[in-house]
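The values are calculated or read from the model by the stated rules, or taken from the named source; none is laboratory data. As the structure is a computational prediction, the values presented were derived from the model and not from experiment. Every residue, glycine among them, receives a Cβ derived from its backbone with ideal geometry; neighbour counts consider all protein chains shown.
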Amino acid sequence: MDAVNHDGNNQSSGTRKRAGVRRQVKHALRIDMTPMVDLGFLLITFFVITTEMSKPTAMNLIMPKDGPPIDLGESDALTVLMGAHNTAWYYEGDWMQAAKNGKVLPLEGKLAARQLIIDKQQKLEKSGRPEGRNGLMLLVKPGSGTSCKELVDLLDEVSINDVKKYAVVKLTEEENKWMQRQ
């Protein structure tokens, strides 16, 4: 008779089984890539849309040609002198007359430049001149302390108000001396 141990295994047969140890069966690994492909297409779509939306824009900047100065009708001219730290002044017509008569006035407030341009355009419109509001010639004269942001903000106002003729020019020596005294 065969002896039976406590585990119930037959010991008399020549093979002995080890309790609790089985050989590991290796299955082929299968990964579902559908979510990864979906994520890839979402990212591609996102980057295509955002690069299309964030195209840089450029503003046309008209600079005067070198050479002799061009005569400009005094009633058409509006000059903005830009100083440091958002300080600005304006005058209409000729510098000498404006400085002599105390007509160089401060430009105060964020929307002051917009209102100044609108008022000047309306004045030209009512004058009965053939060019009307398009006759305005805006001269922007930034000083040495003017930041690029301040200049771009003023040029934005020029663009918003559809000023046809404008130029960024250097300050004259008289204007520069006057600004330093302010």
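Some values worked out for this structure:
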item: Residues that are under 20 Å from Val163 (Cβ atoms) and either among the small types (Gly, Ala, Ser) or loosely packed, with under 13 Cβ neighbours inside 10 Å (or both), drawn from the stretch 106-115; result: Gly109, Lys110, Leu111, Ala112, Ala113
item: Residue within the stretch 131-145 that is farther than 18 Å from Leu81 by Cα, at pLDDT below 90 and in a loop (DSSP other than H, G, I, E, B) present; result: yes
item: Looking only at the stretch 77-105, and only at residues there that are more than 17 Å from Pro142 (Cα to Cα) and of a type in the set (D, E, K, R), the one that is surrounded by the fewest Cβ atoms within 10 Å (Cβ to Cβ); result: Lys100
item: Filter result for Leu151 (touching a strand residue (DSSP E or B) at 6+ places or on another chain (Cβ under 9 Å) and surrounded by 14 or more Cβ atoms within 10 Å (Cβ to Cβ)); result: yes
item: Residue list for the stretch 81-98, filter: within 19 Å of Lys120 (Cα to Cα) and of a type in the set (A, V, I, L, M, F, W, C); result: Leu81, Met82, Ala88, Trp89, Trp95, Ala98
item: Selection from the stretch 124-152 of residues that are of a type in the set (D, E, K, R) and in contact with a helix residue (DSSP H, G or I) (Cβ under 7 Å, 6 or more places away or on another chain); result: Glu125, Arg129, Arg133, Lys141
item: Test: Val158 is over 14 Å from Leu81 (Cα atoms) and either part of a loop (DSSP other than H, G, I, E, B) or in contact with a His (Cβ under 6 Å, 6 or more places away or on another chain) (or both); result: no
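Condition check ((1) without any contact (Cβ under 8 Å) to a residue 24 or more places away in the chain; (2) within 23 Å of Trp95 (Cα to Cα); (3) in contact with a Lys or Arg (Cβ under 9 Å, 6 or more places away or on another chain)) across all residues:
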| position | (1), (2), (3) |
| --- | --- |
| Asp119 | yes, yes, no |
| Leu124 | no, yes, yes |
| Pro130 | yes, no, no |
| Pro142 | no, yes, yes |
| Gly145 | no, yes, no |
| Glu150 | no, yes, no |
| Val168 | no, yes, yes |
| Glu175 | no, yes, yes |
| Arg181 | yes, yes, no |
